[in-house]
Amino acid sequence: MIYLTHHPFEVPEGYHTCEPVGRSGGAMEILVECGVDVFLAGHLHISHVGDTVVGYKTGRYSALIIQAGTATSTRSQGKPPSFNRVRIAHSQITVERFSWHPENRAFGVTSIQHFRRTPEGWLPIRN
């Protein structure tokens, strides 16, 4: 199950100009129990992937928190414009980050992260 919000459930380390969505702790507990696997958000205009175990100490299940960058806004927080492509297969999720390369005048893949579903939730696949 995917849960989409504008405001983030997680603020990346080193980014202190925003707070997570209001009452996120209580909401996260309920949403993870309901089977939410992926949380998608925007608002910060920076790309980031985290999980619920670290920030929320859910312990029981690790859902992914995927933060979108910004492909068209000038509010890029000093980062190049970017967007994510999320590919979902039965038991695997791949998050590809595309960033703007001004020298090529095009977006290109700058990172790829793979996750697999386990009984404990979504865990990174190490290459």
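For the reader, a short list of remarks on this structure follows.
- Out of Phe39, Phe98, Phe83, sole residue that is part of a strand (DSSP E or B) and modelled with pLDDT under 90: Phe39
- Listed by first and then second residue, the pairs linking a residue in region 5-16 that is surrounded by fewer than 16 Cβ atoms within 10 Å (Cβ to Cβ) and polar (S, T, N, Q) to a residue that is part of a loop (DSSP other than H, G, I, E, B) and modelled with pLDDT under 70, with Cβ atoms under 9 Å apart and 6 or more places separating them unless they lie on different chains, are Thr5/Val21.
The values are calculated or read from the model by the stated rules, or taken from the named source; none is laboratory data. Computed from a predicted structure; not experimentally measured. Glycine gets a Cβ as well: all are built from the backbone with ideal geometry, and neighbour counts include every protein chain shown.
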